[in-house]
Amino acid sequence: MAEKFDHLEEHLEKFVENIRQLGIIVSDFQPSSQAGLNQKLNFIVTGLQDIDKCRQQLHDITVPLEVFEYIDQGRNPQLYTKECLERALAKNEQVKGKIDTMKSPGLLHWKVQDSTSDSGCTHLNSLSRGLRLLSRASVELKQ
């Protein structure tokens with residue numbers, strides 16, 4: 001897979017260099033440099049054809065639109081990957097906190113007490129205690 005990207009990168013670098021050289025030729029155009037201009041234009045057409053061939057090999061690759069937004073804003077597209085990983089880690093920690101809260105001894109006691117209790121009042125007290133534990137854990141996670 002990396003070979004495909006390397007091949008595309010090579011063609012893009014050649015294309016950019018030909019465009020740069022074309023700019024130099026055009027900025028200082030002399031009638032005697034017409035042959036060099038024609039040659040560079042042919043190289044550019046060939047370069048576009050080579051890039052199109054690479055595109056056909058990479059048709060199954062998708063790039064999130066946010067990456068293009070990063071590029072348009074002048075930001076490094078690798079920051080997108082970094083920020084996605086940071087968001088995933090933060091969400092993972094949040095879920096882990098919820099799981100740890102559910103495993104806490106007070107909550108387990110509440111579950112055991114609920115299943116063994118015959119009294120509706122005891123059940124409501126246990127439920128209230130469990131909800132307080134969950135709300136405290138939720139507040140701690142948000143901070």
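The values are calculated or read from the model by the stated rules, or taken from the named source; none is laboratory data. No experiment lies behind these values; they were computed from the predicted model shown. We place every Cβ from the backbone using ideal geometry, glycine too, and count neighbours over all the protein chains shown. Quick note on the areas: whole protein, heavy atoms, side chains included, nothing else; ligands and nucleic acids left out. Shrake-Rupley method; radii C 1.70, N 1.55, O 1.52, S 1.80 Å.
When residues in region 24-48 are screened for being open to solvent by less than 80 Å² (accessible area, probe 1.4 Å), more than 21 Å from L12 (Cα to Cα) and touching a Leu at 6+ places or on another chain (Cβ under 8 Å), 0 of them pass. Looking across region 50-69, the residues that are part of a helix (DSSP H, G or I), touching a helix residue (DSSP H, G or I) at 6+ places or on another chain (Cβ under 9 Å) and either among the small types (G, A, S) or within 26 Å of E3 (Cβ to Cβ) (or both) come down to D50, I51, K53, C54, R55, Q57, V67. Note on region 49-70: residues that are loosely packed, with under 12 Cβ neighbours inside 10 Å and hydrophobic (A, V, I, L, M, F, W, C) amount to 3. Among the residues making up region 1-30, those that are over 30 Å from D60 (Cβ atoms) and either touching a strand residue (DSSP E or B) at 6+ places or on another chain (Cβ under 6 Å) or part of a helix (DSSP H, G or I) (or both) are R20, Q21, L22, G23, I24, I25, V26, S27.
Taking the listed residues K82, K103, the one that is open to solvent by 60 Å² or more (accessible area, probe 1.4 Å) and modelled with pLDDT under 85 is K103, with no other qualifying. Restricting Q39, Q78, Q21 to residues that are of a type outside the set (S, T, Y) and touching a helix residue (DSSP H, G or I) at 6+ places or on another chain (Cβ under 8 Å) narrows the list to Q21.
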